[in-house]
Structures are given as structure tokens and as C-alpha cells.
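Heads up: the structure comes next, in C-alpha cells.
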Amino acid sequence: KSSIVAGDEKQYFTLEEANTNLRVNDRIDRESICGAVSPCVLSLEAVVENPFDIFHVSVTIQDINDNAPQFNREFVIIEMIESTPPGTKFPLGSGRDPDIGANSLQSYELTPNPLFSLSVRESPDGTKHAELVLEKILDREKQRNYHLILTALDGGDPVRSGTAQIKINVTDANDNPPVFTKEIYKVRLMENLPEGSLAFQVKATDNDEGTNAEITYTFSDIASSARQLFTLDPRTGDVKVTGPLDYEERKYYEASVEGKDGGGLTAHAKVHIDIIDVNDNVPTLSLLPILNPIPEDSVPSTVVAVINVRDRDSGENGEVSCKMDGNLPFRLERSSENTYKLIIAGPLDRENVSDYNITITATDRGSPALSSSTELVLEVSDVNDNAPVFSEAAYSAYVAENNAAGALVVRVQARDADAGANGRVSYWLAGGSAGAAALVSVEARSGALYAQRSLDYEQCREFAVAVRAQDGGAPARSSTATVRVFVLDRNDNAPRVLWPAAAPGEAPGAAPAPFEVVPRSAEAGYLVAKVVAVDADAGRNAWLSYELVQASEPALFRVGLHSGEVRTARAVSERDAAKQRVVAVVKDHGQPALSATATLHVVLAESLQEALPELSERAAGAEAPAAELQFYLVLALALLSALLVLSVALAVLARLRRA
């Protein structure tokens, strides 16, 4: 990409992007751009990107002969006294040709006449002035007026020309012509002189009396541009400013003043007017952004904009310097007399500052100094230089067991300071405890962790998973957080009696009824047995307590609330039955509480031999149902055998009868 930075209001050139050829963009008129200044040079800066470079270009505008010479007055009337001595010169004015060099006005030609000749005078600025020279004495009685044609010629090819008609009136003698106080009036005027101010005064004297001494002042030769700026009082010779003077438009004016008395005699003087520059133009700035928005990873010394400054004043009034307001990570570097580069001076971080409002001020060296400012808004574009950051480095989640599959466990959240896709965070599981990936899943967009299935505290009390947060940049950045999931216990397990051990055929949770022998001499507090139970739950759900719920002699036994020890509550007496049945319940402290029972048979006897009869009766009582069952089985088998024999006999008899 290429572009042009120029301080001119009008863009005369354009730069082709394909081959960087400089082409004319609009019609160029050298005379309107530079006037009489030679050479006519247009300066501009061409900026080329990839790679970045600035080319300082000066284009010289060459003149062509597109303007013909012109006179300020097409008709010139000259009053000559017949007594005018030969050799007297009369100014005819000067032709104006905006072209320069050979194309400008080069010579004058006058209609041949034996009484008159043509003289050409060149002023210091190179302007050629035509003067009419009287060659012989005039005789009004022979001829009162003469008609001549003055032709101005330039040096172009083809030659262009302009004409003015000159009429000469011969008058009677007037002894004394007017005389100016100076042949050349040199005047210096400040360009900020207000309109209506007195610029200077011309003065002529005449030694005649009466009307012959009354002098009238006129501009005999003055450019049309100067005629619009100055007026001459015909009576006093005061010259006043009637238009704005501008040093930048024109620095010098020249005019011829004619003083004519009442008798028709004239005198001429030259006026040279120099315009002095004042600091009346503020500097102008043109901005060309090169890099906007700016990637935040741009290295220092990267050019982001080109600034072109211009001041139409001259000298120190036109010397301009630029500065940048504020303490910003940028600096200005002068590239040429009128061009600055705005360069990155420090690291950029979009997350801290996403845009910069830069004010650039151009100040000249005039007195007082003039300045102008312009603002440049630079945006910083994002690059993926920030990884997602979790709100917590480690998360803890608590889930009650027996949860429903798909239940929310915890929601993790990570923020990425980048923008757009660079700041869009997705979540993934990235490992953890053995088997943890099968227990939970994470939703990619929200960071919510859900249980994959129902959790069991008794199988898994806690586990950890690693969750990775990854942004959408290229390359992607990520960070990891650990989530520890603690499974909370619920009272879903009843106490299990370890002793007495459960017997086949008995209800779950119940214990068999073993025999414990207690001597009749036992005192209160005698340890009969100890019920041992466990609960797979934890905490209060596993706190067990024991109670006596049934006994043949309720007052004889007691159970320790927390120990499960069955002891005698009082001394055993002779009146107590030999066989005692004790039922204890084991309860946990869950909500609701779960329980199990244990049954003990106690035989009151002094010795094992004394307790054997009771044990035999108990065994016989236990074997009776089995013997009764055996009897019925044998009976059923006998009946089936009899039916079989009977069926065979009947079949044999039937065959015999048929035989």
C-alpha cells in the first residue's frame, strides 16, 4: 500500500499502488501556484508500506507559453508641451506576462515615427518598462496629436503578443513641469497593516502659479492586483491600503505615479513596495495513519502515522516544531524538514489501555508564536497474550451420596482478559484421580461439572479432577484448576450385627439365639455377653446405641447404651426361670434412624452339667420339626409307589382279558 502526504490543500498527484508511479491527479497551473517565483517546486512525501519507507519528492513545474502579454491600460494618453526638449522620456507602462523565462515578456515594438522612439528600462526585479522618447521638437501648429501602437512580445514558440494604443496630444507651452521629491519611493509595509491605513505619500512641486501649479496625482502604471490594494488621493498624494496585504501571496509591488499640473505638464516617479512578513499564519498539520488499529505486540520503533506540517510564513515565522502531549508510549521523530513520524516508544497492552487519544501540537518560532493542534485516535488490537485465569486455584465441592445422575456438582469460572475469540473460554477435563473422569463431566461453555452417575460414600469418599480452561486464540492458551469433590454420607446403611452372627433362614439384621450360661450365684453387673455391631455409614450415621427391647425377666438384665454389653441388673434368685430370652436392638443416629436386633438365650445354672438338660430340650425342640417333615416325606413316597403297582396290575389284567 502506498499513499501521499502533502501539506497543500489540493492534491495534484496520485501514487499508483501497483507500480508506485507518480501520476498527475489534476490540472496544474504554474502561474496560480507559484506566480513569478522560479523555480516552481511542489514538495510532497510518498509513504510506502511493507516494508515501510518515506520518500521525499520534489516536483518542479516547468512553464509553457500559455499566457500572452497584456497592458494594464489599452489606451494611453500623453500630454506633451510643444516646447518639450528632444530626449525627454514619457513612461508608457509595462506589459504583464505571467509566464517566466523565455516565455515571459521579452521586447516592445512601436509604430515607426520620425518624432518618437522607444526606450526599454529594466527594473531590479527584471520587469521591462517601455518609455516614449521625443526625438525632435514638436510644432503644434503643424500637428496637434499623434497615434501610435505599442506591442509587447514574449519569447515563446509561437510568439504571443499584446498591444496598447498611444495618443499624444501636443499642448501650448507651460514653463515649469512638476518635480517629485524623489525619483523612486521605496516603501516597506507590514502585511498586517489594516485597511484604510496610510501606506505612504508622494509629493511633487511646481514653480508655476495658479492652475499651472495645481498638481493632480494618478497611477500611470500599476498592476491590476496592486490597484485593488492601494488608492492614490489625486489632491494630496496619499496612498492608502484598501485591501488585505498578504506576504504569502505577493512580496513586492511596483507602480509608476504621474503628477500633472493644470497646464498639462507631467512628472513621473517610481514606487517600490516591499511587503514585510508577520507571523499571521498558524501551522497546519496533515495526518496519515499507517497502522491503525495497532497490534498490542508491535515492537518499539514501529511507525504508526506520518505527520506533515506546513507554515506559509517565512523565516523564523515559518519554522515549525511538533510535540506530543501526555506521557504516552509513543514519540515523534523528525523525518524531514516538514515531516514527522509517530513511532511506538514502549510496550502496548490492550488489556490496560485499549485506545490512545494523541494530541499533536505544531508551533512556529514567530513572536508571538502561533500553534495548532490535531487529535489522532489510535486503537490497540488484541493478540492472544493472556491465558484464562480461574477465579480460584482449587475448588472444593460437596455432594451428598445417592445423588441423581446429571446433578450439578460445582461451576468453575475462568476469565480471559483478551477480546473476541482470544477471550472466549472453553472448559475440558484434563485428568485427575483414578476413575474420576467416569464420575463427572464438564460443560464446555459454562464450566459446570455434572455427576455422571449416583455416588456412594461407602465406595468413594472423595476424588479430584483437573479442569482445563482454554481460549479460542491461535495458538490457544490454557490454564488448569483442581476440583476436589467430597461425597457426603447419608444414612443408607442399617447397623450389622457381627456377634451373634446371622444364621441361615433368619431375618436380615437379626442374630441367632445362642446360649449363655449364667450361674445363679451371679451378682448385679455380671457380664452375660457383648453384642458387637458395625455401621458402614460415617459420622452420626454410624454412631450406635444399644437398648433392651424384650426379656423374659426385664428387671434381670440391662444393656450398655454405647458398649452393647449385656449384664445382670440384679442378683440372680432361685425364683428366676432357668431359661431366659433377651432381645437387644442396635440403632444408629441417622435421620431417620436405622436398626437391627440380636437375640440371646440365657440358662441360669451353676455349672455346664446342670445346664445340659436345658440344652437337650432345646435341641430336641429344634429337631422335632425336622422329624415330622421326614415322616410326611416317607408317607408321600409310599403312596406314590402303591399307585404305581396298582396301575401296572390293572394293565396286566386288561391284556389277559382281551387274550
- Message: Can you tell me which condition SER545 does not meet? The list is (1) farther than 15 Å from VAL497 by Cβ; (2) in contact with a strand residue (DSSP E or B) (Cβ under 7 Å, 6 or more places away or on another chain), and all the others hold.
- Response: (1)
- Message: With the requirement that a residue be open to solvent by 80 Å² or more (accessible area, probe 1.4 Å) and within 25 Å of GLY237 (Cα to Cα), what does segment 145-183 give you?
- Response: ASP175, VAL179, THR181, LYS182, GLU183
- Which condition number in (1) open to solvent by less than 40 Å² (accessible area, probe 1.4 Å); (2) over 60 Å from the mean Cα position of the chain (by Cα) is the one that GLU109 fails? (1)
- Message: Considering only segment 547-555, I want to know if a residue exists there that is modelled with pLDDT under 90 and within 30 Å of ARG461 (Cα to Cα).
- Response: no
- Quick check: is even one residue across segment 187-205 closer than 24 Å to LEU150 by Cβ and surrounded by 15 or more Cβ atoms within 10 Å (Cβ to Cβ)? no
- Find the strands (runs of 3 or more DSSP E) located wholly in segment 2-103 whose residues include 1 or more that are in contact with a Cys (Cβ under 9 Å, 6 or more places away or on another chain), at pLDDT 85 or above and exposed (fewer than 15 other Cβ atoms within 10 Å of the Cβ), and list them. 53-61
- Restricting attention to segment 453-480, which residues are within 18 Å of GLY435 (Cα to Cα) and not in a loop (DSSP other than H, G, I, E, B)? GLU462, PHE463, ALA464, VAL465, ALA466, VAL467, ARG468
- Query: Here are ALA345, ALA404, ALA394, ALA369: which of them is under 24 Å from SER286 (Cβ atoms), touching a residue at least 40 places away in the same chain (Cβ under 8 Å), open to solvent by 50 Å² or more (accessible area, probe 1.4 Å) and more than 33 Å from the chain's Cα centre (by Cα)?
  - Reply: ALA369
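Considering each of VAL442, VAL487, VAL467, VAL483 in turn, give the residue that is under 19 Å from SER391 (Cα atoms) and either open to solvent by 20 Å² or more (accessible area, probe 1.4 Å) or over 40 Å from the mean Cα position of the chain (by Cα) (or both).
Of VAL442, VAL487, VAL467, VAL483, the one residue that is under 19 Å from SER391 (Cα atoms) and either open to solvent by 20 Å² or more (accessible area, probe 1.4 Å) or over 40 Å from the mean Cα position of the chain (by Cα) (or both) is VAL442.
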- Would it be correct to say that ARG227 is closer than 26 Å to GLU79 by Cβ and either in contact with a strand residue (DSSP E or B) (Cβ under 6 Å, 6 or more places away or on another chain) or open to solvent by 40 Å² or more (accessible area, probe 1.4 Å) (or both)? yes
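Return the only residue of VAL299, VAL309 being of a type in the set (A, V, I, L, M, F, W, C) and either outside any loop (DSSP other than H, G, I, E, B) or surrounded by 19 or more Cβ atoms within 10 Å (Cβ to Cβ) (or both).
When all the criteria are applied, what remains is VAL309.
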- Note on the structure: When segment 112-144 is checked residue by residue, the ones that are surrounded by fewer than 16 Cβ atoms within 10 Å (Cβ to Cβ), of a type in the set (A, V, I, L, M, F, W, C) and closer than 30 Å to GLN62 by Cβ are VAL120
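Working only within segment 350-366, note down all residues that are among the charged types (D, E, K, R) and surrounded by 15 or more Cβ atoms within 10 Å (Cβ to Cβ). Let's see the steps before the verdict.
Filtering segment 350-366 down to residues among the charged types (D, E, K, R) leaves 350-351, 355, 364-365.
Those that are among the charged types (D, E, K, R) and surrounded by 15 or more Cβ atoms within 10 Å (Cβ to Cβ): ARG350, GLU351, ASP364, ARG365.
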- Consider VAL282 against the criteria (1) open to solvent by less than 40 Å² (accessible area, probe 1.4 Å); (2) part of a loop (DSSP other than H, G, I, E, B); (3) over 30 Å from ASP416 (Cα atoms): it satisfies all of them except one. Which criterion is unmet? (1)
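Take the residues in segment 312-342 that are within 18 Å of the chain's Cα centre (by Cα) and buried (at least 19 other Cβ atoms within 10 Å of the Cβ), then tell me which one is farthest from GLU45 (Cα to Cα). Even if it seems obvious, please write down each step before you answer.
Step one: list which residues in segment 312-342 are within 18 Å of the chain's Cα centre (by Cα), which gives 328-330, 342.
Then drop every residue that is not buried (at least 19 other Cβ atoms within 10 Å of the Cβ), which leaves 330, 342.
On the way: PHE330: 22, LEU342: 15 Å.
Filtering segment 312-342 for residues that are within 18 Å of the chain's Cα centre (by Cα) and buried (at least 19 other Cβ atoms within 10 Å of the Cβ), the one farthest from GLU45 (Cα to Cα) comes out as PHE330.
Does ASP418 satisfy being touching a strand residue (DSSP E or B) at 6+ places or on another chain (Cβ under 9 Å) and crowded, with 19+ Cβ neighbours inside 10 Å? Full working, then the answer.
Values: touching a strand residue (DSSP E or B) at 6+ places or on another chain (Cβ under 9 Å): yes; crowded, with 19+ Cβ neighbours inside 10 Å: yes.
Criteria met by ASP418.
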- Could you tell me whether GLU547 is surrounded by fewer than 17 Cβ atoms within 10 Å (Cβ to Cβ) and touching a residue at least 40 places away in the same chain (Cβ under 8 Å)? yes
- Residue pairs qualifying under the 6 Å Cβ cut-off, at least six apart or on distinct chains, with the first in segment 208-237 being without any contact (Cβ under 8 Å) to a residue 12 or more places away in the chain and the second being open to solvent by 50 Å² or more (accessible area, probe 1.4 Å), are THR231/LYS240; THR231/THR242
- Message: Based on this model, can you work out whether VAL304 counts as assigned to a strand (DSSP E or B), of a type in the set (A, V, I, L, M) and out of contact with any Gly (no Cβ under 9 Å at 6 or more places or on another chain)?
- Response: yes
- Query: Does GLU337 satisfy the condition of being over 11 Å from VAL282 (Cβ atoms) and without any contact (Cβ under 8 Å) to a residue 24 or more places away in the chain?
  - Reply: yes
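The values are calculated or read from the model by the stated rules, or taken from the named source; none is laboratory data. Because the structure is a prediction, the values reported are computed rather than measured. Cβ coordinates were reconstructed from backbone atoms using ideal geometry, including for glycine residues, and neighbour counts include every protein chain displayed. Note: areas computed on protein heavy atoms with side chains; ligands, DNA, RNA excluded. Shrake-Rupley method; radii C 1.70, N 1.55, O 1.52, S 1.80 Å.
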